[in-house]
Amino acid sequence: MTESTATINERPAGPWLAVWTLCQRELVRFFRQRNRVIGAVGQPVLFWILFGAGFGSSFSMPGGDNGHTTYFQYYFPGTLVLIILFTAIFATISIIEDRREGFLQAVLVAPVPRWALVLGKVFGGSLIALAQGVLFLALGMTIGIPFSLLQILVVILYMFVIAVGLTALGFTIAWRLDSTQGFHAIMSIFLIPMWLLSGAFFPADDSWLRWVLRVNPLTYAVAGLRRLLYWDPFSQAADVPFPDLPSPSVCYLVTVLFSAASLIVAWQTARRTTKGDLLS
Amino acid sequence: MNSSSAIRVTGLTHHYDDRCAVNDLSFDVEVGEIFAFVGPNGGGKTTLFRVLSTLVPLQKGDAAIFGHSLRTDASEIRRQIGVVFQAPGLDHKLSVDENLRHQGHLYGLTAASLRERCDKMLSQLGLTARRGDLVEKLSGGLRRRVELAKGMLHRPRLLLLDEPSTGLDPAARNDLWTYLRQIREQEDVTVVLTTHLLEEAERADRIAILDKGNLVALDTPDALRDTVGGDAITIQTADSRQLADDIGAEFQFPVEVIDGAVRLEQPEGHRLIARIVEAFPGRVDAVTFSRPSLEDVFIDRTGHRFCQDGAPEKG
């Protein structure tokens, strides 16, 4: 071999470098597509205007013992999760575009482990979702909810964990699909109901829906967020005003486990060769 | 294991569901060769390309690249090969520079060495002035050059290209070949490409002809042409079967009918034409005479014409 070719393997390709570069690419692509940015900023602003405009009235939680929870307080965490859900999952549609444009093929034959591909795409999508969540959080501060700095940091971290879980879920779905239309179908029959039945929209009552809520991991994401948002670190009475919710440790544990499991499923999915890999 | 083989394939068979795309292929590609797989659409070139580029797993048989088994050592092989797919693999929303930078990161290149390689590839391929442009603003020929830059960025020892000249005009095609020869000479890169154009394959050092998943010929273009027994004569006529039989009976050599035309290969073809026309007055509508081409080799080996519809292989 000549000297020029002997230098190829001076260092092994670092998987974390691949994660970083794929994640960064995701963000750059996002900010270059103006309609996506407008949508991303517009959606939280729209929700914020709706809340601010007329829904500030008193709202009594069914089964709750406190009549003073406002409509806004009740719906804010669920809306936050909805924003994250939409953005996180739509961000992974880009995997279908990557396939169609042939970019994915080049990544598949690069010396990059599949978990690095998954993490790069998922972190990229999660950061976009998180940015939107933070924007809505900031808007929320202007209409009624006071947050401490610590609380904001913890909430942001928690939102990131939720976003990672949902983006990984979207990745798993998108990996097998060859059209964005198919993705929209799954979105409406699976993901939207998943959100509706998470306690974001209405609390659990005694019907069979209670059981659906109980096994839906998003229920714990919403409940955990609800607790964190109304959490007062200096108060001992942590359960007020949501005595019916799962305990904080259960919420956080389920959410973290859900994200970890989603990532593992996404990784296993990406390890398999699909027909969609064969583009030409 | 022969250490001078860039690629060694033995008994490679590949199925899609129950369709056999590649059947029991065995061949070697030497280090430093420009090697072309040529064949009609559906011949198995793209399947072979997918296997060699590690995109699909090996099913049956064995294949090694620089002595590393495709079955067990795909990640080492990935470091040593550059791949240029037929479907463009560029991110259109990113600039030329950004595409190269991400590619470099995927191959573990960073900082100064990455910058140096990018600069070198861009200047080698005449892209320096366009480095800041978004890929979506580039012409097809320029995009193909960016693909080449991407494929060569990490100094692969073997460059695999699937139908690299599809969509290129003749000038761009010439540039491509100049570049391929240049990297072979200067960087000792082995080049393996697929094509459905026989005239393109003739530019390679050695060619392998694939038809319906089988390897029907493998040699240098000259050696292959020499295997065809002389000049090729094609005769258009109303009843080709009858004329073929009559010519065969009259002159005592094999005559075939291919795609409705009488076809024969004999030395001293120009003299033979005159004798045939005289022997069968009024029955010959048109005669084509040609020195043996790769198409003749193909017909000789497969018994049918090389259908060139210009469309890239699908599936």
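The values are calculated or read from the model by the stated rules, or taken from the named source; none is laboratory data. Everything quoted here is computed from the prediction, not taken from an experiment. So basically every Cβ, Gly included, is an ideal-geometry build from the backbone, and we count neighbours across all protein chains shown.
Can you tell me which residue in the stretch B:76-89 is nearest to B:Pro164 (Cα to Cα), limited to those that are more than 7 Å from chain A (Cβ to nearest Cβ) and of a type in the set (A, V, I, L, M, F, W, C)?
Filtering the stretch B:76-89 for residues that are more than 7 Å from chain A (Cβ to nearest Cβ) and of a type in the set (A, V, I, L, M, F, W, C), the one nearest to B:Pro164 (Cα to Cα) comes out as B:Val84.
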Completion exercise
When the stretch B:71-95 is checked residue by residue, the ones that are out of contact with any Phe, Trp or Tyr (no Cβ under 9 Å at 6 or more places or on another chain) and assigned to a helix (DSSP H, G or I) are B:Ala74, B:Ser75
Handout entry: Enumeration of residues in the stretch B:104-134 that are within 24 Å of A:Leu117 (Cα to Cα), touching a residue at least 12 places away in the same chain (Cβ under 8 Å) and either among the aliphatic types (A, V, I, L, M) or touching a His at 6+ places or on another chain (Cβ under 8 Å) (or both)
Key = B:Gly104, B:Tyr107, B:Gly108, B:Leu109, B:Leu114, B:Arg117, B:Leu134
Fill in the blank from the handout: Here the residues within the stretch B:57-70 that are in a loop (DSSP other than H, G, I, E, B) and surrounded by fewer than 19 Cβ atoms within 10 Å (Cβ to Cβ) are B:Pro57, B:Gln59, B:Gly67
Practice task
Test B:Ala249 against the criterion of being without any contact (Cβ under 8 Å) to a residue 40 or more places away in the chain, assigned to a helix (DSSP H, G or I) and under 30 Å from B:Val29 (Cα atoms), and give yes or no.
Solution key: no
Problem - Residues of the stretch B:144-180 satisfying the condition of being small (Gly, Ala, Ser) and either surrounded by 18 or more Cβ atoms within 10 Å (Cβ to Cβ) or closer than 23 Å to B:His92 by Cβ (or both) - result: B:Ala149, B:Gly151, B:Ser165, B:Gly167, B:Ala172
Practice task
Within the stretch B:181-200, track down each residue that is surrounded by 20 or more Cβ atoms within 10 Å (Cβ to Cβ), at pLDDT 90 or above and out of contact with any helix residue (DSSP H, G or I) (no Cβ under 6 Å at 6 or more places or on another chain).
Solution key: B:Ile183, B:Thr190, B:Val192, B:Leu193
Exercise for the section: Could you tell me whether the stretch B:229-245 includes any residue that is within 14 Å of chain A (Cβ to nearest Cβ), modelled with pLDDT of 90 or more and either outside any strand (DSSP E or B) or surrounded by 15 or more Cβ atoms within 10 Å (Cβ to Cβ) (or both)? Expected result: no
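Quick one: which residue in B:Ser53, B:Ser26, B:Ser95, B:Ser5 is facing chain A (nearest Cβ under 9 Å) and not basic (Lys, Arg)?
B:Ser53
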Handout entry: Any hit, the stretch A:172-183, residues being in a helix (DSSP H, G or I), among the aromatic types (Phe, Trp, Tyr) and more than 27 Å from A:Trp115 (Cα to Cα)
Key = no
Completion exercise
Checked B:Arg143, B:Arg225 against criteria (touching a residue at least 24 places away in the same chain (Cβ under 8 Å), more than 14 Å from every other protein chain (Cβ to nearest Cβ) and out of contact with any Gly (no Cβ under 6 Å at 6 or more places or on another chain)); the one match is B:Arg225
Handout entry: Among the residues listed as B:Asp73, B:Asp119, the single one being more than 9 Å from chain A (Cβ to nearest Cβ), surrounded by fewer than 18 Cβ atoms within 10 Å (Cβ to Cβ) and closer than 19 Å to B:Tyr179 by Cα
Key = B:Asp119
